[in-house]
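What follows draws every value from the coordinates through simple rules; no lab data is involved. The structure displayed is predicted, hence computed values, not measured ones. Cβ sites come from the backbone with ideal geometry, for glycine too, and all protein chains shown count toward neighbours.
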Amino acid sequence: MEIKTYIVDDKKETLRLDKVLTLFDSTYSRVYYSNLIKNGDVLVNKNRVSPSYKVKLNDVIEVNLEEKESNLDLKPFELKLDVVYEDDDILVINKPKGLVVHPGDGHHDDTLVNALIYNQKELSTVNGLKRVGIVHRIDKDTSGLLLICKNDFVHNEIAKQLKDHSMHREYIALVDGNIGCNEGKIVGKIGRDPNNRLKMAINNQTGKEAITHFVVKKRFKKYTLIECKLETGRTHQIRVHMSSIGHPIVGDKLYGGSTHIYDNGQLLHAYKLTFYHPILKKEISLTCDIPEYFKEVLDKLE
């Protein structure tokens, strides 16, 4: 266990707690400290507070880095990665359905992070050692392209692209019902569902801005194949937005998707990823085809 103690001086008062911690020790990112605060590993005057807490003069901040040390015990997970692109700084994989991205509740040793460790990849540590390399995520039962960073400089540069929406992510999904229009834009703030902690929901009062664009690719009798482009990247965004307009993703039991033709997770695939490479100084655009089980469903509908 390692506990670091800091006392707020007049140059730091009124700043956010997560920001202040990066000023005391820049070894870790603001996001990493924010996660520690949420986990209760940071106390201010012996009390738990939020990452947005505005520090006051002479506040005593205690940071427990025990979690960081225990992260070194992450077990390698033997899994062959489906590598779509790799260089000295960036790795892009085609994540299979069913693979959790990083350790958390119920999944500690069988995640993508554990597989990255098994494959002996050099990885960024900006988001802590339980999320080495991870700059963005896709859901467990969503397949497709995921970018992984090999060093902290590239991680921070890619994170900026995510924040300013210059990194583009496009998805293919099969949804319930026949969408009447050929294209659309869904705007609805997304936050945690107050009635079910496993779900997200439209919450225009306290949620975060979320925008999804979609284009109809093909219509079937009871289903529609669509292409979605994210303008923002909220948790479960496409799943929540499509459900909110009455067209949930097929197989997505959590958000009301039908299971008649597929009942093993949502038919949602991240098929295209476009980003600016901060080292090579050029735009890179990658694609990967939908998985076989998705193709088989479409073939049946034909």
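Applying 1/(1 + (r/R0)^6) with r as the Cβ-Cβ distance of Thr206 and Asn264 and R0 = 41 angstrom yields a FRET efficiency of 0.80. Remark: spin-label model distance Glu227-Lys54 equals 4.7 nm, labels positioned 7 Å along the Cα→Cβ axis. Here's the picture: charge each Lys and Arg Cβ at +1 and each Asp and Glu Cβ at -1 in region 167-302, and of Leu174, Leu280, Val215 the one pushed furthest to the positive end of that dipole is Leu280.
Per-residue Karplus couplings for region 237-248, computed as 6.51 cos²θ - 1.76 cosθ + 1.60 with θ equal to phi - 60°, are listed in order as 3, 4, 4, 5, 5, 5, 5, 5, 9, x, 10, x Hz, Gly and Pro entered as x. Using the Cα coordinates of region 167-302, the gyration tensor eigenvalues translate into equivalent-ellipsoid semi-axes of 23, 22, 14 Å, sorted from longest to shortest. For the residues Lys140, Lys217, Lys97, a GNM of the chain with alpha-carbon springs under 10 Å puts the largest fluctuation on Lys217.
Can you tell me what percent of all Cα-Cα pairs in region 3-71 are more than 13 Å apart?
59 percent
Between Leu280 and Leu23, the simple spin-label model (points 7 angstrom out along Cα→Cβ) gives 3.9 nm.
Rounded to the nearest 500, the 222 nm mean residue ellipticity of the chain from helices alone is -5500 deg cm²/dmol, with -39,500 (n - 2.57) taken per DSSP H run of at least 4 residues.
For region 101-136 and region 1-56, what is the separation of their C-alpha centers, rounded to whole Å? Distance between centres, Cα-based: 24 Å. For semi-axes √(5λ) of the Cα gyration tensor in Å, which listed value, (i) 42, 19, 18; (ii) 36, 23, 18; (iii) 28, 26, 19, comes from the coordinates shown? Step by step, semi-axes √(5λ) of the Cα gyration tensor in Å for this structure corresponds to label (ii). The 3J(HN,Hα) values that the Karplus relation (6.51, -1.76, 1.60; θ = phi - 60°) gives for region 292-300 are, in residue order, 4, 5, 5, 4, 5, 5, 5, 5, 5 Hz. Gly and Pro appear as x. Over 24 Å between Cα atoms: which of Lys189/Lys217; Lys80/Lys199; Lys163/Lys282; Lys38/Lys185 fall into that group? Those over the limit are Lys189/Lys217; Lys80/Lys199; Lys38/Lys185.
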